[in-house]
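The values are calculated or read from the model by the stated rules, or taken from the named source; none is laboratory data. From a predicted model like this one, the values you see are computed outputs, not experimental measurements. Cβ placement follows ideal geometry from the backbone for every residue including glycine, while neighbour counts extend to all protein chains displayed.
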């Protein structure tokens, strides 16, 4: 059992602003774990792995098998944060039975502590069924990447009054269904604050302004490992991409000039 649980995360509501992040492998998970058990309450194995690790331009191609694999890798090194895994596109859109079975796989085979799924009132029956079966669920509203085809890309949501009202109703429906937290992505900051005030569970923002209970960022974005476009909301907290290029250059030069490996790095 990990240090962080749904009950502990819900208790942060209105008391402590908290940071969360995505993770896709055991090496990165070990670094997160080394930050201490109270540093990050929640870690998400997101279907964003399709873009960050697989080279796709959306999360749509990511399979359930791939989500199970990456979640299991992270679980091996993570001890403290609650580990949530995304239900990938296609694993629950065709029916609640499919979604239920997919969630069971992420828990049993992936060793996740809970799942995240996108949508509002339309996914309430599945959320309720998962919660009744003892599976913690995190909701996801606003810019829902799995709907990028219908949205015409990754666009800010909830800018008009009717759309904003719909998201507020969706957030309340997810809370009533049993979600322990809700991710709000790509919405105006004022709406992010309103959503946070509208429910009694933590709202975790990503591109939703500073008025949410917590924030989540993608591992590659916050560490400066993303090559090419980086979202407006993804602040660079490190520049490991440049550091990696510098290290690779030094390695190349050391091999070329014969200084690597040195005698101390060789066997007698």
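Counting the residues of the stretch 5-25 that are under 16 Å from the mean Cα position of the chain (by Cα) and either farther than 18 Å from residue 217 by Cα or exposed (fewer than 13 other Cβ atoms within 10 Å of the Cβ) (or both) gives 1.
In the stretch 38-65, of all residues being out of contact with any helix residue (DSSP H, G or I) (no Cβ under 7 Å at 6 or more places or on another chain) and under 20 Å from residue 104 (Cα atoms), the one that is surrounded by the fewest Cβ atoms within 10 Å (Cβ to Cβ) corresponds to 65.
Test residue 212 against the stated conditions and say whether it is touching a residue at least 40 places away in the same chain (Cβ under 8 Å), assigned by TED's automatic domain parsing to the domain that holds residue 31 and either crowded, with 17+ Cβ neighbours inside 10 Å or outside any helix (DSSP H, G or I) (or both). No.
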